[in-house]
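The values are calculated or read from the model by the stated rules, or taken from the named source; none is laboratory data. Computed from a prediction, not measured in an experiment: that's the story for all the values here. Virtual Cβ from ideal backbone geometry, glycine too; neighbours counted across all protein chains shown.
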Amino acid sequence: MLLSIGMLMLSATQIYTILTVQLFAFLNLLPVEADILAYNFENATQTFDDLPARFGYRLPAEGLKGFLINSKPENACEPIAPPPLKDNSSNTFIVLIRRLDCNFDIKVLNAQRAGYKAAVVHNVDSDDLISMGSNDIEVLKKIDIPSVFIGESSANSLKEDFTYEKGGHIVLIPEFSLPLEYYLIPFLIIVGICLILIVIFMITKFVQDRHRARRNRLRKDQLKKLPIHKFKKGKWIFLVCVNNPT
């Protein structure tokens, strides 16, 4: 019984492990979709890879569509020019910022204060993607807009064909990731099943032990058939029941 329970628990754990590995493998084999979709005035599209910042709000699930504006000044280390006043209330504007000269959080905060709904920070002399972070808690509390990081080549292409002045627009697509519940819930289910099996095994073992103990106990009619020998020593009488008398 113990061996069967152990094998069942092992099988359940192995199944969960295999399914998890297969899921990760499936996600890694999916075609890589760029996080920025760019459309020019002729509605031709191009895609660019980006890396979301580790601060600020996350992009909405459906993505964020807006018009791309070059930051003035480009590094956004000081207050920058706001979006165009024309239809500013109804349109969404995203600012393109150059890396270096100050921290990422300062750049994004200046973009937010100028009225932009998102910020795209690009690398300089490199196409490497950097995970933007911050250690300034006070600044982080003030940032409400999302931001992403792109390489220099992507930034140059966006400037040439997809800015607001060129009649283009972009869509920031959030990265695909499964919520923690997708992994946690199956794991808790497996753990719960294992605990239930352990409880069932303990109850079964207890019942079997009680049944075995009662089965080995003599019945009343069997006890009456046992011979009784009396031994006298002084005033005391000892009664001894012998199961197998000689």
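Considering only the range 90-104, I want to know if a residue exists there that is in the same structural domain as V121 (by TED's automatic domain parsing), among the small types (G, A, S) and at pLDDT below 90.
Of all residues in the range 90-104, those in the same structural domain as V121 (by TED's automatic domain parsing) come to 90-104.
After this cut, where a residue has to be among the small types (G, A, S) as well, the list is 90.
Now narrow it down to the ones that are at pLDDT below 90: 90.
Yes, some residue in the range 90-104 is in the same structural domain as V121 (by TED's automatic domain parsing), among the small types (G, A, S) and at pLDDT below 90.
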- request: Return the residue satisfying two criteria in turn: it lies in the range 137-173 and is of a type outside the set (D, E) and free of Cβ contacts under 8 Å to residues at least 40 places away in the same chain, and of such residues it is surrounded by the fewest Cβ atoms within 10 Å (Cβ to Cβ).
  value: I137
message: So, in the range 129-159, how many residues would count as being at pLDDT below 90 and more than 24 Å from the chain's Cα centre (by Cα)?
response: 3
